[in-house]
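The values are calculated or read from the model by the stated rules, or taken from the named source; none is laboratory data. Predicted model, so just to flag it, every value in this text is computed and none were measured. Don't worry about glycine lacking a Cβ; one is built from the backbone with ideal geometry, like all the others, and counts go over all protein chains shown. Note: areas computed on protein heavy atoms with side chains; ligands, DNA, RNA excluded. Shrake-Rupley method; radii C 1.70, N 1.55, O 1.52, S 1.80 Å.
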Amino acid sequence: MRALVLALLLALPSLARADALERFRTFVRETQSARMAFEQKVFDRDKRLVQASSGTFAFQRPGRFRWQIRVPYEQLIVGDGTRVWIHDADLNQVTVRSMGKALGSTPAALLAGDDEVERAFDLVSVGEIAGLEWLEARPRDKDAGFERIRLGMGLLGVEAMELYDHFGQTTLLQFSRLVRNPTFLPSTFQFTPPKGADVLGE
């Protein structure tokens, strides 16, 4: 543990000078798993708040993640490395998509990806704002669910995300309580549709 702390302290000066793309690549390379909390706000094209929610996020590279909204309603998104499952508890409805098709439409898939992310997105550093280095990701797939995504990178990893869709809607995410490289049970990233659920998609 002492060696890990020392290595981190020695790395901080160079990370402080790194732009967002360098920080993102370091995060992908050195963070094989993580868990964190998030707060999410959705605004319409007139900048009016239309939805607010919070929950938890966990991932394990490559491509495994669990995104769970707890407030104000229950929604679970699980990536098992091959497919992405979206379960709306109130409707008892499950939507399933291939991981490749979900990459551009699910923020969790972007954060949980590996080096393949750079093949799916054009990544550009856009500068420092409010203490974070910002990275803009534009999906190469024109049918992706978002026009562009911006990641706010701190010294230890992602701290904020902004998603802009094709209808003028903006989703803002703030991450907190980041724990890097924890160990997860395999069941964390597995999903079985509940009995009686309507399953849509692939």
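Any idea which residue in region 88-101 is nearest to R140 (Cα to Cα), counting only those that are of a type in the set (A, V, I, L, M) and part of a strand (DSSP E or B)? The extreme case among them is V96. Among the residues of region 39-65, those identified as assigned to a strand (DSSP E or B) and either within 23 Å of R83 (Cα to Cα) or of a type in the set (S, T, N, Q) (or both) are Q40, Q51, S53, S54, G55, T56, F57, A58, F59, Q60, R64, F65. Being open to solvent by less than 40 Å² (accessible area, probe 1.4 Å) and either of a type in the set (D, E, K, R) or over 15 Å from the mean Cα position of the chain (by Cα) (or both) is a property that does not hold for E116.
When you scan region 29-44, do you find a residue that is exposed (fewer than 13 other Cβ atoms within 10 Å of the Cβ), of a type in the set (K, R) and either more than 14 Å from F175 (Cα to Cα) or in contact with a Pro (Cβ under 9 Å, 6 or more places away or on another chain) (or both), even just one? Yes, region 29-44 contains at least one residue that is exposed (fewer than 13 other Cβ atoms within 10 Å of the Cβ), of a type in the set (K, R) and either more than 14 Å from F175 (Cα to Cα) or in contact with a Pro (Cβ under 9 Å, 6 or more places away or on another chain) (or both). Among the residues of region 66-87, those that are open to solvent by 80 Å² or more (accessible area, probe 1.4 Å), closer than 14 Å to S53 by Cβ and in a strand (DSSP E or B) comprise R70, V71.
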